[in-house]
Amino acid sequence: MNRFWSLVFLLVPVLGVATFVVAPYYHHWFPRDISEHGRVIDQLFMFILWLTGVVFIATEGALFYFMWKYNASNNREPVKFSHGSHTLEVVWTILPTVTLLFIAIYQMNAWADAKMRKPDVPITAEITGRQFNWDVRYPGADGELYTPDDVFRYDGMIHLPAHEEVLLLIKSSDVLHSFFLPNLRMKQDVVPGMGQNMWFKAKDTGEFDIVCAELCGWGHYKMKGRVTFESRVDYNAWLQRMYDEQEAKTVAMTPEE
Amino acid sequence: MSVVSSPLYVLISGGACLAGTMPSSICTKRWSGSLAGVVALGALMVAGCGPRADFGPVANAKAASEIRATFGASAAAGDAAGGAAASTGTGWGTIRGRFTYDGTAPTMPPYNVNKDQATCAPGGKTPPQEWLIVDSGTGGIKNVAVYLREASRVHDSAKPSGDNLLYDQKVCVFLTHVCAVTVGQSLDIRNSDNVGHNTNIAGKKNTFNQTIPAGATIAYKVQKEEATPAPVNCSIHPWMVGYLLPRENAYYAVSAADGSFEIANLPAGEKLDIQVWHESAAGPGGALVVTTPEAKTLGWTNKGRLTITLQPDEVKEIQVTVPASAFKG
Amino acid sequence: MMTQRFHAICWSLLAVFAAALAGCVEAESEPPKFRLNMTQVTANQLVPAHQQAIADILDAMFGTPDKPFALPETGLDLRKLKMAAGPVWSDQAGGKHGLYRRHCAHCHGISGAGDGPTAMIVNPYPRDYRPGVYKFKSTFNPNEPTDEDLHHTLMDGVPGTAMPAFSVLPPDEVAALLEYVKYLSMRGQMESLLVEFIVNNLDYDPVTEKGSPLDLVNDPDQREEVMALLADDVVAKWQAEGQVVVVPDESAIPPNDRNAAELAASVKAGNVLFYGTKANCVKCHGPTGLGDGQQDDYDIWSKADRQFMLDTDALADSIKTDTASLAELDGEAWDAANAELDAKKRALVERREVAAGLLPPRNAIPRNLRTNMFRGGRRPLDIYRRIHQGIAGTPMPAGGPAVPGAQGTLTEQEMWQIVDYIRSLPFEPASQPQERPLNSEAVVY
């Protein structure tokens, strides 16, 4: 009983580690990665997780050990204070600095790939966040945005070509939003008045989630959508179909819904 | 502003005192104020949650379930009663009369013309508004609509007319300010101005909103009877306002400039339920409610209705003096 | 001493928050109820007994927000309504319940009056379903929208407004919400008809608050009349037979393979119409097309509230005048005038309470045609229908015939020319650049 508190505090590392070990078995782990660069992001995540995990366990272990050993009921001797150790100070300053520097340099390439080395391809789609929807504008057959053959979609169901570099232009029409594609390990904040780019290459086709990752108002939770990756041929056909639908002048062409 | 800001200020200064960031001499003076501020803020919060607006009654579940239980029984029970008022009398009678204003005639301000001045205010002369036109000489009230609510039989002269009725607008004013029309009669909506108009009829049963080009005439047939005149507007010139009263039969009259009206050939020998309406009347839906003793003798109700029985070939004279309080404002 | 003060402050704060919380919790723990359109009821001076009767009849016909009901003659699918109604919860299989309150009620309100808690902070205001008037539809102006029209709005949202797309919901949930929106519209329309029925057919005195009863249980004639109103003036409007869809005349539709010169000629003709006195677009959409012309009109939803507020102000003014003139009277005349004044004062209090629950009316601002944003859809067909029938509930007038076969203002060809012009406006040099340049390039703000 007199060591109750040290045991309680031991629960922190035990439960903390258990959560991470068990989570994948309950599907509370990463969504499927379908991007080319996602592997690097996941590796970075795992590396940092292991590094911080080891430090966490070691620190918590030390904490437990001292609480256990110097429990008030078993230790009647007066406390002795040490007035600092120069060597220790140097060690615990340099060690984290080196670690952080290592992480900073180690991830630099991944950062540059995701945020700085914009591919030299035309914009695939312009995505505008508005409270509370993602509006999409595709360049039409001419491949250029802001021309009369652009295709507009407001239903939050974005289509994109797979197996090729995709360059998105992301904007906001009102407040801060964040365009998040969990399966592509991509997340980009959008600031009103600024255009942001996002690029990636999807390895697989299929339908995946889009969410808003920046609290943008009371309807934030509504800002979800789906992104469909399909082959270039399918994508072109879909875009043409959407264009034809957008050009409908007769009732017969109205898609039956 | 001050109501909201003072407790906020006091709360903030109180918080600063607690945190020890303000000199204690200021704090001691402010303590009593802070407490008052906290209480005031709390009162505001409570008030914010409480209902301030009137949202009306909610349904009584028991009464509702009793009503619901009867819905299936409708068809069996209802046959005995006839639909429209049964025809009992014979012959025809006439009502005529005059509405006069009790008080000094109000002056109508000019319409708020804020565009197309050349057309709508020619020579800088803006036409006056028409929400209550009282003849300065006779005191007659113009544009009072008088109409029979339900007719058991209809004289040939009051049958829906096949003639087209002109509904003209000039100098950005609807020339027939209150216009009655029979259902199915074709309304020739004309624009006699050199600017475009649109005529927006916003009735409960009839809606129409179409552009009327300069100098053009567009035909429109009202589809259904309205219980009270429908407002007519022009969205382009929002000061333009008129009223259109579609009725199943022509038992209606709109009072002339001297306040006089006449409805001829009404069915005699039976109770006639007559509605009196004016756009500025204070009664519900524009009903002209008159509570003077002479009106009481006509059985004038608080919905602006009177019940009259005519003898065959009778011409009934109705003289109504309307007090100023029967109108809004 | 400081600690004592500190404790005192803490306790008073705690007490205040507890009181505030109690106020809120008490107000919210009751299940939500349908409310009457108080503007309508008060403007028509209905007595409390009649207000209660309307609430009861609507409950009998349509049930409550937690327990919806639909008479078979309404054609509404009760299974769908039940899915959409009620409190928000999820069953163990992941089935979603209370869809309307989950997705819609915070803007559109429990009664569908467009008065939910977040209604105030969105512009335009959310739609009030109760009159059954919808702006973006394929039918003629006075007709109710088709199911497809409502479905389209649910699936695509309304660009340029706070109405999002609900395309991620499973189709059965979308269908349930659609049914519920129609249900709220029918309920609202029935409410208006009952108010009209009372005003037209029943006697009542707002001063003594007495009236001949609206009693469907004991009066089969009344019951039959009310059921006829439901069938003829509500349900029929929502059935396909009652809805006439605007179908462009095949012969006038411009072909898809027009060359640049033909298109330019059509755009030019549309431009002339836009500025001319025939179509008159320029008056509201402005000489620049920025929607900066006529801006001080209102749509029907705001107009009703605004009229109510204006009448309330007029009543307040007349009370002032009457009070002043009371001094000149004496004896019986004074008694009568004073009684009338008291009645007016009571009415004013009542009206002010109702007005306190209304959203401030906003002007109907004509669309800026240069932003390439079309709320009702950007297909030529959509824009054609907007020009052909105007936009129901708004000042936007029709260019085509009011009913099929009637006389229109514009010919089919002229309407298509305006469509071409409208669609070319965002790409005119004056509208460029459509989007501001990227921050990564040369930026000139």
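Details
- If you filter segment B:205-222 down to residues that are over 20 Å from the mean Cα position of the chain (by Cα) and not aliphatic (A, V, I, L, M), you find that the one that is farthest from C:F140 (Cα to Cα) is B:G215.
- Pair list, Cβ under 7 Å, 6 or more apart: segment C:274-294 residue more than 9 Å from chain B (Cβ to nearest Cβ) and surrounded by fewer than 23 Cβ atoms within 10 Å (Cβ to Cβ), other residue part of a loop (DSSP other than H, G, I, E, B) and of a type in the set (D, E, K, R): C:G286/C:D292; C:L290/C:R370; C:G291/C:R367
- Test result for A:H28, in a loop (DSSP other than H, G, I, E, B), of a type outside the set (F, W, Y) and under 19 Å from the mean Cα position of the chain (by Cα): yes
- Unmet requirement for B:V290, which otherwise passes all of (1) in contact (Cβ under 8 Å) with a residue 40 or more places away in the chain; (2) in contact with a helix residue (DSSP H, G or I) (Cβ under 7 Å, 6 or more places away or on another chain); (3) not hydroxyl-bearing (S, T, Y): (1)
- Complete set of residues in segment B:176-192 that are assigned to a loop (DSSP other than H, G, I, E, B) and under 19 Å from the mean Cα position of the chain (by Cα): B:T176, B:H177
- Residue tally, condition among the polar types (S, T, N, Q) and crowded, with 17+ Cβ neighbours inside 10 Å, over segment B:151-183: 3
- Counted residues, segment B:193-204 - those being surrounded by fewer than 24 Cβ atoms within 10 Å (Cβ to Cβ) and within 16 Å of the chain's Cα centre (by Cα): 3
- Residue among A:V191, A:V151, A:V233 that is β-branched (V, I, T) and touching a helix residue (DSSP H, G or I) at 6+ places or on another chain (Cβ under 9 Å): A:V151
- Residue match in segment C:421-432 (condition: more than 12 Å from chain B (Cβ to nearest Cβ), farther than 20 Å from C:S251 by Cα and not in a helix (DSSP H, G or I)): yes
- Which numbered condition A:A125 fails, given (1) modelled with pLDDT under 95; (2) under 25 Å from A:I34 (Cβ atoms): (1)
- Residue count for segment C:370-390, restricted to those that are buried (at least 24 other Cβ atoms within 10 Å of the Cβ) and part of a loop (DSSP other than H, G, I, E, B): 1
- Every residue from segment B:271-298 that is farther than 19 Å from B:A145 by Cβ and not hydroxyl-bearing (S, T, Y): B:K271, B:P293, B:E294, B:K296
- Of the helices (runs of 4 or more DSSP H) lying entirely inside segment C:66-141, the ones with 1 or more residues being within 24 Å of C:P170 (Cβ to Cβ) and within 13 Å of chain A (Cβ to nearest Cβ) are found at C:99-103, C:105-108.
- Considering segment C:340-392, the residues that are under 30 Å from C:Q45 (Cβ atoms) and of a type in the set (D, E) include one that is farthest from the other protein chains (Cβ to nearest Cβ), namely C:D342.
- Of everything in segment C:233-261 that is part of a helix (DSSP H, G or I) and more than 12 Å from every other protein chain (Cβ to nearest Cβ), the residue that is farthest from C:G188 (Cα to Cα) is C:A261.
- Residue ranges of strands (runs of 3 or more DSSP E) in segment B:222-269 with at least 2 members within 14 Å of chain C (Cβ to nearest Cβ) and surrounded by 24 or more Cβ atoms within 10 Å (Cβ to Cβ): B:241-247
Residue by residue, here is whether (1) basic (K, R); (2) part of a loop (DSSP other than H, G, I, E, B); (3) more than 22 Å from B:G91 (Cα to Cα) holds:
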residue: B:E279; (1), (2), (3): no, yes, yes
residue: B:K296; (1), (2), (3): yes, no, yes
residue: B:G299; (1), (2), (3): no, yes, yes
residue: B:T307; (1), (2), (3): no, no, no
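- When C:V195 is tested against (1) surrounded by 15 or more Cβ atoms within 10 Å (Cβ to Cβ); (2) modelled with pLDDT under 90, just one condition goes unmet, and that condition is (2).
- Of all the criteria given as (1) of a type in the set (D, E, K, R); (2) closer than 30 Å to C:P255 by Cα; (3) in a loop (DSSP other than H, G, I, E, B); (4) free of Cβ contacts under 8 Å to residues at least 60 places away in the same chain, the one not satisfied by A:D174 is (2).
- Enumeration of residues in segment A:97-144 that are under 22 Å from C:V158 (Cα atoms), part of a loop (DSSP other than H, G, I, E, B) and hydrophobic (A, V, I, L, M, F, W, C): A:F132
- Taken over segment C:211-226, the residue count meeting the criterion of being free of Cβ contacts under 8 Å to residues at least 60 places away in the same chain and either among the β-branched types (V, I, T) or on the phi > 0 side of the Ramachandran plot (or both) is 1.
- Of all residues in segment C:30-65, those that are within 9 Å of chain B (Cβ to nearest Cβ), over 23 Å from the mean Cα position of the chain (by Cα) and crowded, with 20+ Cβ neighbours inside 10 Å total 3.
- Filter result (out of contact with any Ser or Thr (no Cβ under 8 Å at 6 or more places or on another chain), acidic (D, E) and within 14 Å of chain C (Cβ to nearest Cβ)) within segment A:198-244: A:D209, A:D244
- A:I158 being within 14 Å of another protein chain (Cβ to nearest Cβ), part of a loop (DSSP other than H, G, I, E, B) and of a type in the set (V, I, T): no
- For segment C:203-232, filtering for residues that are farther than 30 Å from C:V349 by Cβ and in a loop (DSSP other than H, G, I, E, B) leaves 4.
- Among the residues of segment C:324-339, those identified as in a helix (DSSP H, G or I) and either within 12 Å of chain B (Cβ to nearest Cβ) or more than 17 Å from B:A324 (Cα to Cα) (or both) are C:S325, C:L326, C:G331, C:E332, C:A333, C:D335, C:A336, C:A337, C:A339.
- Within segment B:186-212, no residue that is at the interface with another protein chain (Cβ under 7 Å from one of its Cβ atoms) and farther than 13 Å from B:N233 by Cα sits with its Cβ atom under 8 Å from a residue that is aromatic (F, W, Y) and not in a strand (DSSP E or B) at 6+ positions apart or across chains.
- Some residue of segment C:396-404 being more than 22 Å from C:Q243 (Cβ to Cβ), surrounded by fewer than 21 Cβ atoms within 10 Å (Cβ to Cβ) and either in contact (Cβ under 8 Å) with a residue 60 or more places away in the chain or touching a Pro at 6+ places or on another chain (Cβ under 8 Å) (or both): no
- Which listed residue is charged (D, E, K, R) and within 22 Å of C:Q389 (Cα to Cα), from C:D219, C:D233: C:D233
The values are calculated or read from the model by the stated rules, or taken from the named source; none is laboratory data. A quick note: this is a predicted structure, and the numbers were derived from the prediction, not measured. We place every Cβ from the backbone using ideal geometry, glycine too, and count neighbours over all the protein chains shown.
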